[in-house]
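The values are calculated or read from the model by the stated rules, or taken from the named source; none is laboratory data. The structure displayed is predicted, hence computed values, not measured ones. With ideal geometry, Cβ positions are generated from the backbone for all residues, glycine too; neighbour counts draw on all protein chains shown. Just the protein is used for accessible areas: all its heavy atoms, side chains included, with ligands, DNA and RNA removed. Shrake-Rupley method; radii C 1.70, N 1.55, O 1.52, S 1.80 Å.
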Amino acid sequence: MGIQITGLRKSFAGKQVLAGVDLTVAPGEFVAVLGANGSGKSTVLRCAVGLQRPDSGTVDIDGGAAMVFQQIHLVGRRSALDNVCSGALGRLKLRQSLVFSRDIRREAMDCLDRVGLADRAGDRAGRLSGGQQQRVAIARALCQRAKVILADEPVSALDPSAAEQVVSLLASLAEEGLAVLAVLHQPELAQRFAHRIVGLNQGKVAFETTAAAMDTQAVNSLYEGAR
Amino acid sequence: MNPPTRKAPSPVAFIVIAVLVGVHVLAWQGTGFSPGALVEGWRGMADFLDQAFPPDLGVLGDSLDAAVITLYIGLLGTTFSIPFALLLGVLASRVTTPNSWTYQIARSILSVLRSVPDVVFALIFVTAVGLGPFAGVLALVFHNTGVMGKLWAEAMEETDPGPREALRVAGASGAQTAVNAVLPAVLPQMVGLLLYRFDVNVRSSLVLGLVGAGGIGFLINQSIKLFRFDQMVTHIIVVVIVVVLVDQFSAYVRRKLAT
């Protein structure tokens with residue numbers, strides 16, 4: 001099932017941010033969400049992962065959801081490997097999370113390998129480039145063993161080539177069977193890599209289309225409406 | 001074009017200044033502050049200095065031995081407070097302890113430990129374990145736990161909330177987040193604060209010596225009681241050298257950590 005969001009509504013201080021959002025992502029599917037700032041994109045993800053409580057609506061997640069953030073949020077002083085290991089904390093006891101066991105480290109190594117950074121496992125996360133850091137954060141999400149990956153503007157802080165690499169990585173994870181829901185600010189990246197594209201405008205789904213059928217006009221209107 | 005005219009100072013500013021001046025006048029009277037007495041009493045100081053110089057270097061060996069004890073008191077007083085300061089610091093930091101009861105209790109314990117001066121702790125422990133350096137170590141451990149625990153708790157609260165949020169979303173508990181996101185991020189600041197406290201504690205242990213807790217402070221106290229001001233000066237020279245060395249060392253390590 002992946003993730004199924006139905007009738008999501010949320011207001012902040014009387015201002016409606018989400019006005020009934022429906023969204024589904026199946027396993028193996030990569031769905032990109034486009035929309036202007038303030039259209040409610042991030043709020044959808046934050047409600048889905050439990051960082052915010054929706055006023056109404058339901059979120060059904062199959063097999064747990066992991067979150068990837070725009071600001072990446074790694075512990076810069078720890079090694080890439082330790083950062084990835086910490087994705088497993090949810091299933092570890094406190095005493096197991098003081099020093100990570102060999103099994104966890106091996107699993108984390110596999111996750112780093114999947115994002116192509118096994119050779120940087122011992123480097124401090126803070127020493128890596130922005131794109132590499134975001135890939136480490138994705139490996140941390142993988143180490144959480146979630147079946148759904150939610151990415152909140154994962155490439156907005158990255159240069160174009162690193163951004164492309166990260167989005168293509170998310171696409172390949174979808175190929176491997178994960179349900180991937182990513183908020184993007186670059187329609188062209190969405191069109192190249194995502195299966196489906198959802199346009200969000202003023203807290204509502206303005207359009208939903210396959211990448212192949214994406215209408216540039218409709219995408220532009222998302223951003224014009226906000227001005 | 002004319003620059004904007006400067007606003008006239010508000011009446012509040014005048015009131016604040018008047019109150020500050022008033023408080024200083026009261027303090028002047030309250031402390032019996034009297035430069036005249038200092039001028040009239042110059043002869044007493046001259047006598048004192050006459051007896052103090054030249055310093056009696058014959059006690060240099062004893063002085064150095066006692067200075068080492070003073071360093072030991074400062075060292076153990078600092079390191080033995082680490083586990084207590086760490087535990088109470090984690091419990092007294094909002095980012096690692098969401099439970100407000102635990103947080104308030106830990107903060108209260110730290111406040112009490114911090115507000116009782118180490119000299120008072122030393123007097124208490126001297127009655128329990130007798131005169132000597134051990135009482136000084138105990139006094140420093142108690143007081144330093146209060147100060148360092150608070151400094152550490154504040155350093156933890158200043159860490160970037162992002163990694164904590166990321167681990168929370170991944171299902172980590174508060175304690176797991178503390179160990180895996182907060183402590184690794186705050187470690188350099190904690191070590192810096194630890195060295196700063198070592199520096200302060202070595203200086204405090206001098207004062208503790210004056211109340212009988214061993215070390216070079218004890219020798220200074222004795223030489224004053226015996227009117228051997230020439231010996232006292234030797235001890236004070238050693239103290240100055242030790243304090244400067246410790247200060248330089250801790251500043252050097254903290255500089256290294258910052259880069």
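Take the residues in the stretch B:222-259 that are in a helix (DSSP H, G or I) and of a type in the set (D, E, K, R), then tell me which one is nearest to B:VAL186 (Cα to Cα).
B:ARG254
Given (1) small (Gly, Ala, Ser); (2) surrounded by fewer than 22 Cβ atoms within 10 Å (Cβ to Cβ); (3) under 22 Å from the mean Cα position of the chain (by Cα), identify the lone condition not met by B:GLY162.
Going through the list (1) small (Gly, Ala, Ser); (2) surrounded by fewer than 22 Cβ atoms within 10 Å (Cβ to Cβ); (3) under 22 Å from the mean Cα position of the chain (by Cα), B:GLY162 breaks only (3).
Which of (1) closer than 28 Å to B:SER108 by Cα; (2) in contact with a Cys (Cβ under 9 Å, 6 or more places away or on another chain) does B:SER204 not meet, given it meets every other one?
Of (1) closer than 28 Å to B:SER108 by Cα; (2) in contact with a Cys (Cβ under 9 Å, 6 or more places away or on another chain), only one is false for B:SER204: (2).
I need the full set of residues from the stretch A:93-111 which are over 23 Å from the mean Cα position of the chain (by Cα) and β-branched (Val, Ile, Thr), in order please.
A:VAL99
Test of understanding: among B:LEU64, B:LEU75, B:LEU91, which residue is touching a Lys or Arg at 6+ places or on another chain (Cβ under 9 Å) and either open to solvent by 80 Å² or more (accessible area, probe 1.4 Å) or not β-branched (Val, Ile, Thr) (or both)?
Every option except B:LEU91 fails the conditions.
Looking at A:SER56, A:SER39, A:SER86, which is the one that is hydroxyl-bearing (Ser, Thr, Tyr) and more than 21 Å from the chain's Cα centre (by Cα)?
A:SER56
Name the pairs: first residue in the stretch B:124-144 and more than 19 Å from B:ILE216 (Cβ to Cβ) and surrounded by fewer than 21 Cβ atoms within 10 Å (Cβ to Cβ), second residue of a type outside the set (Phe, Trp, Tyr) and modelled with pLDDT of 85 or more, Cβ to Cβ under 6 Å, at least 6 apart or on different chains?
From residues that are more than 19 Å from B:ILE216 (Cβ to Cβ) and surrounded by fewer than 21 Cβ atoms within 10 Å (Cβ to Cβ), the pairs are B:VAL129/B:ALA135.
Which pairs have Cβ atoms under 7 Å, sit 6 or more apart or on different chains, and link a residue in the stretch B:69-85 that is on the phi < 0 side of the Ramachandran plot to one that is open to solvent by 50 Å² or more (accessible area, probe 1.4 Å)?
B:ILE69/B:PRO133; B:TYR72/B:PRO133; B:ILE73/B:PRO133
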